[in-house]
1. Given the criteria touching a helix residue (DSSP H, G or I) at 6+ places or on another chain (Cβ under 7 Å), modelled with pLDDT of 75 or more and not assigned by TED's automatic domain parsing to the domain that holds residue 180, does residue 106 qualify?
2. Have a look at 169, 139, 176, 128 and point out the one that is surrounded by 20 or more Cβ atoms within 10 Å (Cβ to Cβ), in a helix (DSSP H, G or I) and in contact (Cβ under 8 Å) with a residue 60 or more places away in the chain.
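The values are calculated or read from the model by the stated rules, or taken from the named source; none is laboratory data. Worth saying up front: this structure is predicted, and the values here are computed from it rather than measured. Reconstructed Cβ throughout: ideal geometry from the backbone, glycine too, with neighbour counts over all protein chains shown.
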């Protein structure tokens, strides 16, 4: 959409969407779907589950959007918090049983040479697998800090934890990720805490 007839703010669009304005809802969806999907994908490692989580977040927004308080957080943060809750529910049910997703398979390379592309793809696959092996609370803060580029205070608000707790989780996540990628034997520590 080129121009937003609703004034441009997420709060205005949400108000219009809750009143039945389909164009307002579609504008909100277009603005925030990629961020929610990326977060859900990085949390779950599954494109299918990430799509389901993304759709569920936007359906929940229509059902409970009147609870959104724009003074506490931006709508994107609110939607990521909803995605977080859905991902954690899924993780507590099945994270120990989850196989690596098909998305971790090698993809065609676009690097300067096929060998370099294969090495880059393999490194990316190893990083994804190592991130998925982290405990869910460590995984989420790592993803929010490194991929979504949120600050510690914003992460603390999103996950509902103290800033100090987020710093500890992030430090532990980075340390464990580094240990796995360096091949040190610390896989038992990945699932504790």
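1. Details: touching a helix residue (DSSP H, G or I) at 6+ places or on another chain (Cβ under 7 Å): yes; modelled with pLDDT of 75 or more: no; not assigned by TED's automatic domain parsing to the domain that holds residue 180: yes.
No.
2. On the way: 169 fails: in contact (Cβ under 8 Å) with a residue 60 or more places away in the chain; 176 fails: in contact (Cβ under 8 Å) with a residue 60 or more places away in the chain; 128 fails: surrounded by 20 or more Cβ atoms within 10 Å (Cβ to Cβ).
Going through 169, 139, 176, 128 in turn, just one is surrounded by 20 or more Cβ atoms within 10 Å (Cβ to Cβ), in a helix (DSSP H, G or I) and in contact (Cβ under 8 Å) with a residue 60 or more places away in the chain: 139.
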